[in-house]
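Chemist: Can you keep this structure in mind? I'll have questions shortly.
The values are calculated or read from the model by the stated rules, or taken from the named source; none is laboratory data. Predicted, not measured: the structure shown is a model, and the values here were computed from it. Here the Cβ is made from the backbone with ideal geometry for all residues, glycine too, and neighbour counts use every protein chain on show.
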Amino acid sequence: MAGKPARSRAILFLFVCLAWNPLVTGWGHGMACAASTNKVVEETESRPAKRAKPEPGIYHRLEKGQTLSTLSRAYRIPVATLLTVNQITDPDSIPAGTPIFIPGARRTLSIQEDHASWLAWPLRGRIMTRYNIRGGGRHHDGIDIDGELGQPIRAAADGRVLEAGREGRYGKAILIDHGHDWATFYAHASELFVQADDWVEQGEVIALVGRSGNARGTHLHFEIRRGGRSVNPLVLLPDPTVVASTER
């Protein structure tokens, strides 16, 4: 692309050179013009291209338990920006120790526990089924957490109950709105302790583990949604032993 303007200027120079003396059309005059024209092209194309200034920022080495969402909240930069500038295509499988470029940041922050996540685990247990919306297996909008019948299910964050009752194949289920387009969904419960429009606090017992709906065993089906679309809970929940950015 840089050569086109140079050649255009050379052609213009040749035209001016020939037009300078229309009566002179001899070989010598043409060779002189051609030589001058080539010099213009060579000088222009030999000039080094200007290098773009590096974008200001720092690298934050991802620690166990941290995710892009963790960095997004701490540095106040959108997750989408971090994905773009770091050319990350799969945010669910970033190993611990990966350097993440934070554009605009001036120093590396020591991220305290209160930055780690605004969500808490609704139930502690083995992950029976992981999040999967990419194909290559059974589509699953959340995670299934193993539990014993009657174990307490707790609200993952403060919010207002939007729905509480039977939800088809999910059985007894609860949907909680946390504001800013975030919501959590809890399914297959044996008993519900809240109803629509109730306000709940993080950690409050809202239901008991069961096997209602099409559940094949006692467990909690848990989803995190943003703008009505599911998000991988393991990217947002604070446990370093199971989140996506643990060592592999």
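Chemist: Suppose we keep only residues that are polar (S, T, N, Q) and at pLDDT below 85 within segment 69-100. Which one would you say is surrounded by the fewest Cβ atoms within 10 Å (Cβ to Cβ)?
Modeler: Here is the first cut: in segment 69-100, the residues polar (S, T, N, Q) are 69-70, 72, 81, 84, 86-87, 89, 93, 98.
Restricting the remaining residues to those that are at pLDDT below 85 gives 69-70, 72, 89, 93.
Working: Ser69: 19, Thr70: 23, Ser72: 17, Thr89: 7, Ser93: 11.
Selected residue: Thr89.
Chemist: I want to confirm something. Restricting to segment 143-159 and keeping residues that are among the charged types (D, E, K, R) and in a strand (DSSP E or B), which single residue is nearest to the chain's Cα centre (by Cα)?
Modeler: Let us first name the residues in segment 143-159 that are among the charged types (D, E, K, R), namely 144, 146, 148, 154, 158.
Still in the running and in a strand (DSSP E or B): 144, 146, 154.
On the way: Asp144: 23, Asp146: 28, Arg154: 27 Å.
Applying the filter and picking the extreme gives Asp144.
Chemist: Okay, moving on. Restricting attention to segment 208-222, does a residue exist that is part of a strand (DSSP E or B), surrounded by 18 or more Cβ atoms within 10 Å (Cβ to Cβ) and in contact with a helix residue (DSSP H, G or I) (Cβ under 7 Å, 6 or more places away or on another chain)? Quick ask: steps written out before the conclusion?
Modeler: Restricting attention to segment 208-222, the residues satisfying the condition of being part of a strand (DSSP E or B) are 208-210, 219-222.
With surrounded by 18 or more Cβ atoms within 10 Å (Cβ to Cβ) added as a condition, the list becomes 208-210, 219-222.
Checking the rest, the ones that are also in contact with a helix residue (DSSP H, G or I) (Cβ under 7 Å, 6 or more places away or on another chain) come to 221-222.
Yes: one or more hits.
Chemist: How many residues are among the small types (Gly, Ala, Ser) and within 15 Å of Leu192 (Cβ to Cβ) if we restrict to segment 216-233? Quick ask: steps written out before the conclusion?
Modeler: Within segment 216-233, the first condition is being among the small types (Gly, Ala, Ser), and the residues that meet it are 217, 227-228, 230.
Then keep just the ones that are within 15 Å of Leu192 (Cβ to Cβ); that gives none.
Total satisfying the criteria: 0.
Chemist: Of all the residues that make up segment 160-190, how many are part of a strand (DSSP E or B), in contact (Cβ under 8 Å) with a residue 40 or more places away in the chain, surrounded by fewer than 20 Cβ atoms within 10 Å (Cβ to Cβ) and in contact with a Gly (Cβ under 7 Å, 6 or more places away or on another chain)?
Modeler: 1
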